[in-house]
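Each value in this text was obtained by applying a stated rule to the coordinates, not by laboratory testing. Given the structure is predicted, the values throughout are model-derived calculations rather than measurements. Note that we place each Cβ from the backbone using ideal geometry, even for glycine, and neighbour counts take in every protein chain shown.
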């Protein structure tokens, strides 16, 4: 019987920030099974990172004990640290060292003998596919490659327990799949035990065991099926609404007894509360309810949404918008030196459409955004937004767009109200009108309680809402969202998309990039990009159909995406 | 053969740090370019020695006596005389900053001189820059007294015999300010590498999260500290060697002490500076704040409170007391003597002891405060 | 347009003063520098340690010794009793100078033969040595004048009457403290502006600004306003302290002074914003500001006269805004100069301000990231 890789007994940990004390872990007890992958899942601020750091001996618990491989994590931290591998959220790489040098450093630190190194090195290179990049500086690697290098660095001396703290945040689906392939091999071939925290619910399904934590407490622990099983018979695909899927989704979400309603392709996926039968309204004769298999995500939302107040969706007035194309690019190209970031991009986004840009890290999505918003001059080609080129258009033309960047760019030391107030005025709103809009934003985005708090101290989900509210102060016709949900927990993501839906219904054109394939399903049309080129353009259903192969006749969007990218490479 | 894990870990850290230094242009800039730039600036550009000072000579009535007086100023290396026919013109020139001072010979100067009547010479200097003004007064006095002596000899008037000061300046007879600015500047340079650079790079590891990854490996705190200190120690010493070479061969500052004393004292000071840099970064964990504090707590005092530019003895008692906690003060005292005077043990030993004490204090405190924890 | 600029300026102030770090930068360094500089920065020697080696012991020697003892800037450390002690005390920096009076001093003087006095000065600090040399010469000259007058001897009927305009007692604190107004204005203005754009770039909010209808000129004005206001306030604070605490006379008019302050602060804001627009990170901006500040101070004539620098370096100083500002400050403070004398210092400041501000505004949109 192997030693238990990790055992936590009633662990408490709180941090003091100024006068306030913040309780991160409130009596966590759990035990890991050896030789399998355990997923640590929970919303932002649930205490995932704190738990990882406690297990690695970087923090000392206020009360309770953590045993790692039979040793006390805080008393014997040095001994523990020589047996485990730990990858922090930011990978812990030295960006000015090369791939090879980073690996050598960790081999030295972990005391890997010189004789063992070549074989180990070769194996890691083969596993991660970093072989050809040995001399490249870590800072010049793409996000996916950094993540794999970070992983390789923790593996130079095969650890008995591997701790990975949100290894897949901000990483594209292809890289994520490769990471999982490595993880599966480690478990199968080296018998390693893994604890991995993640915000991607589809990844939970790949874990042998899942620990669900929320507000510093363990909600439940067990195989993923344990979370979805109780929902059998309560999950449905609803299709066939005469007024379109978005209206249908909004109606369903508002219905009592519906725990969750999200867009999935042409259908709406609905999770019903226990004991409540779906009943079709008399007015909706054409709507069909079709039972489907529950997934882990359904279980997660069902468990966590119970204690959570459903916030009302923002009232977004449907302003009459011009029809036609809101965004048109012709041969849009951008080079940085020899590197072609965007290569002859030609797309047209119709007014009132939610248009998604998908692509691996470094595919040129952000560069495209920056060119469209007039932040970066194109090397060649033209981009017209709302009929004008924003780089040369009069400043007033910019009042028609809203832009929300990857990092939820806010003035972190200003309060929510001050941020909103500033953006309202920067967009030329004044007096009563500005006050009305700020009040609207605080109300519609559920920020009223936190209006006076410094925006930098807000939880990520609130920062995201605030950033979006700021981009909407002036009621733009066109909204640019660059990875708006990266790192945000699943519940916050759902709320976010409800808002996007409402906006789209109001006639706003939305251009969005994302790494979450479930979110790509919410878009009307998608463009899949790789190395600056568009590989496929169409509705989610069309994209999936394009990627169908005899082996996988009905791929989901993630499979379709990976097939397209790999066919290109 | 199997290398011991401890050696292996240390080697890894040292190699990492060295590679990072070599690849980071800003650390090389602070370590080598900035010191060289400062040395050149101070060595060539900055000087307290006034030469060719424009001075106005107001000659209201030309005469042989006045001409010989003007001649005395013409011969002096300190002055570039300009002649003005009236006091009014002279004053205007002084007001416009055309000249730094005026010397006024009244219209009846020659007559009074011949008639053995009192013939006062008025000197007016611009006191805005008090130091330059005082030096200027001294120069005028010098030119005047040598003119007086020559004139007396020519007229065979016996000068009354009195005290004759025989002034000898030790260590720096020609009073070249470069000889005292350059050694002091070495201290400023070393502070840049030791404290500012170290504080910045260590704080960067906190910020980028690399220290977190480092801490979950089996390295010990001592290894992390040594791995950080040694490369910057070498860098600081490299900068020092470069600066000394420039001082000796480019600026021809004499070196009258022994090199081994210089090496030992530099080591002590650099350790103290590194200790301060480490301490600042451990306490702040933030590059921006660490940079600000390093400039305020190490760089500025090295400039102002070390005796490098301004005489400590003339500061008010409170400020003098503060200078005792400035490591640079002790090193400036050692360097100025070492370069210009020699191995003066009565001076070197107490100052070196103070440096050793400060190094031990800052390094010890850093060791105590740095834990393998994130709290 | 005005409303948008106002909104931006208000936001800049909020960001600046809500952030503890920024508040620190604006408030703490100037106060420390003011106190330390104000008291430490002085070339005056008011405590010259000396020792007398009187091998004569006659009354003339005692008379001379008394003059040194009576001088406020000299302090006797002790009496030297043997030759070897001279080197010991000077080497160890126990004394800055030793006055050696020969054994026949009084006798020589009474006999009417020149009586040498040996003055040995520590030359390690050349500036101090030079000042000591002047002070000693003056004291001995006074002694001689009194000695000859007392004995009715007469030489050449010429004497030197020295006066210093603007600063009769030649207090170098007046010089440094008035220069301090310039130095602190520069440091604070640079810190406020050099970080403003770089911080926004690092946080990504600058892109957010650029997609609003704000024009580069509006952003420029909004960003420059806090630097301008804080710079002028800082200058006023330091001027007040210089006049009322350090007792530096303010002879000239406030109109000239504030014209100079305004022009200089504009130039400093321009340089700061330019550095900030060039930098991609806060770190680079900080380093850039540091790399500008150090030479700018050294080359400004703050501590050492520009006239003493070699030609090539003097040309370099022409691009240093602090150079012009220091002349304006010192002229207005101590000399009471008016516009007609200072116009040559003011137009270069205006040129620097216009050039750097234009460059900063252009860089807002054109710097590639």
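Could you give the semi-axes, largest first, of the ellipsoid that matches the protein assembly as shown, computed as the square roots of 5 times the alpha carbon gyration tensor eigenvalues and rounded to whole Å?
On the way: eigenvalues 1119, 270, 109 Å².
Calculated on Cα positions only, the semi-axes equal 75, 37, 23 Å.
How do B:206, B:260, B:345 line up, fewest other C-beta atoms within 10 Å first?
Details: B:206 18, B:260 9, B:345 12.
The order, fewest Cβ neighbours first, is B:260, B:345, B:206.
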Roughly how many Å is it from the Cα centre of region B:212-283 to that of region B:73-150, as a whole number? 52 Å
Going by how many other Cβ atoms sit within 10 Å of their own, how do A:218, A:28 line up, fewest first? A:218, A:28
log₁₀ I(q)/I(0) of region C:48-150 at q = 0.22 Å⁻¹, via Debye over equal Cα point scatterers, no solvent, to two decimals? -1.23
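How high is the relative contact order of chain B, given as a whole-number percent (alpha carbon pairs under 8 Å, six or more residues apart)?
After rounding, I find 19 percent.
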Express the Stokes-Einstein translational diffusion coefficient of region C:91-194 in µm² s⁻¹, to the nearest whole number, given a Kirkwood radius over alpha-carbon pairs, 37 °C and a viscosity of 0.692 mPa s. 180 µm²/s
Given 25 °C and 0.890 mPa s, how large is the Stokes-Einstein diffusion coefficient of chain B in µm²/s, with Rh as the Kirkwood radius over Cα pairs? 100 µm²/s
Given the convex hull over the Cα atoms of region B:9-52, what projected area results after averaging over all orientations, in nm²? 4.1 nm²
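Packing-wise, with mean Cβ within 10 Å as the measure, how do B:281-292, B:299-310, C:302-313 rank, highest first? Please list the in-between numbers first.
On the way: B:281-292: 20.9, B:299-310: 23.4, C:302-313: 17.3.
Ranked from most to least packed, the peptides come out as B:299-310, B:281-292, C:302-313.
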For chain A, find the longest principal axis of its Cα atoms and tell me its angle to the long axis of helix A:245-254, 0 to 90°, nearest 10. 70 degrees
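Please state, rounded to one decimal and in Å, the Kirkwood hydrodynamic radius that region A:521-569 gives when every pair of distinct Cα atoms enters the mean of 1/r. Could the numbers behind the result be given before it?
Details: mean 1/r = 0.0928 Å⁻¹.
About 10.8 Å for region A:521-569.
Strictly greater than 15 Å: what percent of every Cα pair in region B:302-375 meets that? List each step's numbers first, then the result.
Working: 1691 of 2701 pairs.
The answer is 63 percent, as a whole percent.
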Size of chain A along its principal axes in angstrom, Cα-based, largest extent first? 69, 61, 59
Can you give the Rg/Rh ratio of region B:53-155, where Rg is from the C-alpha atoms and Rh is the Kirkwood radius? 0.95
Computed P(r) (all Cα pairs; region A:1-141; 10 Å bins; percent): 10, 31, 31, 22, 6, 0
Give me A:425, B:371 sorted ascending by neighbouring Cβ count inside 10 Å, so fewest comes first. B:371, A:425
Averaged over peptide A:49-58, how many Cβ atoms belonging to another chain are found within 10 Å of each residue's Cβ? 3
Compute the long axis of helix A:173-190 from its Cα atoms, compare it with the longest principal axis of the Cα atoms of chain A, and write down the angle in degrees, 0 to 90, nearest 10. 20 degrees
Quick check of the Kirkwood formula: for region A:354-447, what is the inverse mean of 1/r over all pairs of different Cα atoms, in Å? 15.5 Å
Using alpha carbons only, how many angstrom separate the centre of region A:508-545 from the centre of region C:224-285? 53 Å
Counting all C-alpha pairs of region A:407-533, share separated by more than 19 Å (%): 49 percent
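Quick one: compute the contact order of chain C, relative version, from alpha carbon pairs under 8 angstrom and 6+ residues apart, as a percent.
Values: 477 pairs, mean separation 68.8, N = 369.
Here the relative contact order equals 19 percent.
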Cα centroids of region A:184-204 and region A:342-367: how far apart, whole angstrom? 32 Å
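Could you work out the relative contact order of chain A, using alpha carbon pairs under 8 angstrom and six or more residues apart, expressed as a whole percent?
So the answer I get is 13 percent.
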Working only with C-alpha atoms, what are the Rg and Dmax values of region B:192-257, expressed in angstrom? 16.9, 52
In degrees, nearest ten, helix C:172-203 long axis to first principal axis of chain C (Cα): 30 degrees
Determine the shielding of peptide C:171-180 by partner chains: average, over its residues, the number of Cβ atoms on other chains within 10 angstrom of each Cβ. 3
Could you work out the Kirkwood radius for region B:152-216, taking every pair of different alpha carbons, averaging 1/r and inverting it, reported in Å? 17.9 Å
Scattering curve values for region A:233-292, log₁₀ I(q)/I(0), Debye with Cα scatterers, q = 0.24 Å⁻¹: -0.97
Whole-number D in µm²/s for chain C (Stokes-Einstein; Kirkwood sum over Cα pairs; 25 °C, 0.890 mPa s): 101 µm²/s
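Is there a simple number for the mean count of other chain Cβ atoms within 10 Å of the Cβ of residues in B:302-314, and what is it?
Numbers: counts 0, 6, 7, 3, 1, 3, 1, 7, 13, 13, 2, 9, 12.
Rounded to a whole number, the mean comes out at 6.
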If N is the number of residues in region B:241-348, what value comes out of its Cα radius of gyration divided by 2.2 N^0.38 Å? 1.18
Within the protein assembly as shown, helix-based [θ] at 222 nm, where runs of 4 or more DSSP H residues each add -39,500 (n - 2.57), nearest 500: -15500 deg cm²/dmol
